[in-house]
Amino acid sequence: MNLIFKALLAVEDPTQTHHWLLPETAEIIYGGLASVIVFAGLFKFAGPMVKKSMKARTEKIQGELDGAANARSKSESDASGIRTALGDIESERRKILAEADTQATAILTDGRARLLKEVAELEAKAVADLAAARGRSGEELRGEISRLSSAAISSAVAASLNERAQQELIEGFIKSVGASK
Amino acid sequence: MSDARIEAYSRALFEVAQAEGNLLVVEDELFRMARAVESNEQLRATLTDATIPVARRQQVVEELLGGKASNTSVQLVSLLVGAGRGRDLVAIVDRLVQRASSEQQREVAEVRSAVALSDDQTKRLAEALSKSTGRKLNLKVVVDPSVLGGLVATVGDEVIDDTVRTRLEQIKTRI
């Protein structure tokens, strides 16, 4: 123990330096100059980089602030648009309903008119068909009577055309032709 | 068949018949044959059917006319059928009849009757028609049951119709 204490006393012996706490004057001068040089170097070379870095950071923060402001503005605009759209949808719904009503009314009116027209045409056609059928029946009946009459006449004439009648017809022809000049 | 070809065939038939010296008989027989072909659809179809061999068609002609017509007439019709002119047989014969009539300074008068006429009736009819038309006529009588009764005479463009068929048709029209 005594030995350690003696050694400490020996290291901090005031006789070895001018002051036990302060360094040598020259050392202070050299150290001060070195520090000044180091700080000057730092100020010269590192300063702009730091300034630049700070400026970029400031700009980034400002950009983020501006973006946030824009986003807010856009959100407000969207909200406004949505509110407007809601209003438009309601007016569109009313408009569509009104148009549907108008169209339904028009379709009903047209359909009724068309149906009335078709009914009138069908009635007219039925009347015409009836008249035609009546006329056709009459014509068919007349035709049938004519056909039967002709057939009856032909049969009667053919039955009466015996040899004597044939000869009389031939002689009659010869006489009439001979006398015709 | 072209008119020139019909004319050529009729002239050939005329020359052959004239050369054989029986023109009047041949033209009369061919006229009757033509009327038979005209009124019989089956006969007409047989004579014009290209699927039937020519020899068979000529045989039909010979069987039909054999014993009823002169050999010249049979050979001439057989010639036409053999030459594939069966379709124009009627036209060729009609032209031949006209030519033969012209040769005699006569005009063909075709008379259709439901029944055959006696020789006397034919003679008196020819005289009556000649007197009526003022022309010399070569009378050809065709028995045609479709006229029913009476006669119809055609001389050139002139038609004298006094048949029962025509009268019935007039009555039907009126009805």
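Take the conditions open to solvent by 20 Å² or more (accessible area, probe 1.4 Å) and assigned to a helix (DSSP H, G or I) and apply them to B:Ser130. Does it pass? So B:Ser130 fits the description; yes.
All told, B:Ile52 meets the bar of being among the hydrophobic types (A, V, I, L, M, F, W, C), out of contact with any His (no Cβ under 9 Å at 6 or more places or on another chain) and not in a helix (DSSP H, G or I).
Candidates are the residues of region B:71-99 that are at pLDDT 90 or above and basic (Lys, Arg); the one that is farthest from B:Ile52 (Cα to Cα) is B:Arg99. Every listed requirement among (1) exposed (fewer than 11 other Cβ atoms within 10 Å of the Cβ); (2) at the interface with chain B (Cβ under 8 Å from one of its Cβ atoms) is met by A:Ala156 save one, (2). For region A:130-143, a residue qualifies if it is open to solvent by less than 100 Å² (accessible area, probe 1.4 Å) and modelled with pLDDT of 85 or more, and the qualifying residues are A:Ala131, A:Ala132, A:Ala133.
Mind telling me which of the residues B:Leu117, B:Leu168 ends up being open to solvent by less than 40 Å² (accessible area, probe 1.4 Å), closer than 15 Å to A:Glu171 by Cβ and in contact (Cβ under 8 Å) with a residue 12 or more places away in the chain? Quick ask: steps written out before the conclusion?
Details: B:Leu168 fails: closer than 15 Å to A:Glu171 by Cβ.
Within the list B:Leu117, B:Leu168, the selection yields B:Leu117.
Among the residues of region B:68-112, those identified as closer than 26 Å to B:Val147 by Cβ and in a loop (DSSP other than H, G, I, E, B) are B:Lys68, B:Ala69, B:Arg106.
Go through region B:13-27 residue by residue and tally those that are open to solvent by 50 Å² or more (accessible area, probe 1.4 Å) and either assigned to a helix (DSSP H, G or I) or closer than 13 Å to B:Val97 by Cα (or both). Of the residues in region B:13-27, 7 are open to solvent by 50 Å² or more (accessible area, probe 1.4 Å) and either assigned to a helix (DSSP H, G or I) or closer than 13 Å to B:Val97 by Cα (or both). The condition of being within 14 Å of chain B (Cβ to nearest Cβ), under 30 Å from B:Ala116 (Cα atoms) and either open to solvent by 50 Å² or more (accessible area, probe 1.4 Å) or touching a Pro at 6+ places or on another chain (Cβ under 7 Å) (or both) does not hold for A:Ala165.
Of the residues that sit in region B:38-52 and are open to solvent by 80 Å² or more (accessible area, probe 1.4 Å) and not hydrophobic (A, V, I, L, M, F, W, C), which one is farthest from B:Arg112 (Cα to Cα)? Walk me through how you get there before you give the answer.
Let us first name the residues in region B:38-52 that are open to solvent by 80 Å² or more (accessible area, probe 1.4 Å), namely B:38-39, B:41-42, B:44, B:50-51.
Narrowing the set further to residues that are not hydrophobic (A, V, I, L, M, F, W, C) leaves B:38-39, B:41-42, B:44, B:51.
Numbers: B:Glu38: 13, B:Ser39: 12, B:Glu41: 19, B:Gln42: 21, B:Arg44: 20, B:Thr51: 34 Å.
In this case the residue turns out to be B:Thr51.
Every residue, every condition in (1) in contact with a helix residue (DSSP H, G or I) (Cβ under 6 Å, 6 or more places away or on another chain); (2) more than 8 Å from chain A (Cβ to nearest Cβ), yes or no:
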| position | (1), (2) |
| --- | --- |
| B:Asp120 | no, yes |
| B:Lys123 | no, yes |
| B:Val142 | yes, yes |
| B:Gly150 | yes, no |
| B:Val155 | yes, yes |
| B:Asp161 | no, yes |
| B:Glu169 | no, yes |
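Residues are listed down the side, and each one gets a yes or a no for (1) closer than 30 Å to B:Val16 by Cβ; (2) of a type in the set (A, V, I, L, M):
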position: B:Ala114; (1), (2): no, yes
position: B:Lys123; (1), (2): yes, no
position: B:Lys131; (1), (2): no, no
position: B:Gly134; (1), (2): no, no
position: B:Asn138; (1), (2): yes, no
position: B:Gly150; (1), (2): no, no
position: B:Ile160; (1), (2): no, yes
position: B:Arg165; (1), (2): no, no
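Within region B:53-86, restricting attention to residues that are surrounded by fewer than 16 Cβ atoms within 10 Å (Cβ to Cβ) and basic (Lys, Arg), the residue that is farthest from the chain's Cα centre (by Cα) is B:Arg56.
Restricting to region B:133-175, and then to whatever is β-branched (Val, Ile, Thr) and part of a helix (DSSP H, G or I), can you tell me which residue is farthest from A:Glu144 (Cα to Cα)? Only one residue tops the list, namely B:Thr133.
Within region A:141-150, is even one residue more than 11 Å from chain B (Cβ to nearest Cβ) and of a type in the set (Lys, Arg)?
Looking only at region A:141-150, we keep the residues that are more than 11 Å from chain B (Cβ to nearest Cβ), and these are A:141, A:144.
If we keep only those that are of a type in the set (Lys, Arg) as well, we get none.
No, region A:141-150 has no match at all.
What do you reckon, is A:Glu171 open to solvent by 80 Å² or more (accessible area, probe 1.4 Å) and at the interface with chain B (Cβ under 8 Å from one of its Cβ atoms)? Explain how you work it out, then say what you get.
Numbers: open to solvent by 80 Å² or more (accessible area, probe 1.4 Å): no; at the interface with chain B (Cβ under 8 Å from one of its Cβ atoms): yes.
It is false that A:Glu171 is open to solvent by 80 Å² or more (accessible area, probe 1.4 Å) and at the interface with chain B (Cβ under 8 Å from one of its Cβ atoms).
The values are calculated or read from the model by the stated rules, or taken from the named source; none is laboratory data. Quantities reported herein were computed from a predicted structural model and do not represent experimental measurements. Glycine gets a Cβ as well: all are built from the backbone with ideal geometry, and neighbour counts include every protein chain shown. Note: areas computed on protein heavy atoms with side chains; ligands, DNA, RNA excluded. Shrake-Rupley method; radii C 1.70, N 1.55, O 1.52, S 1.80 Å.
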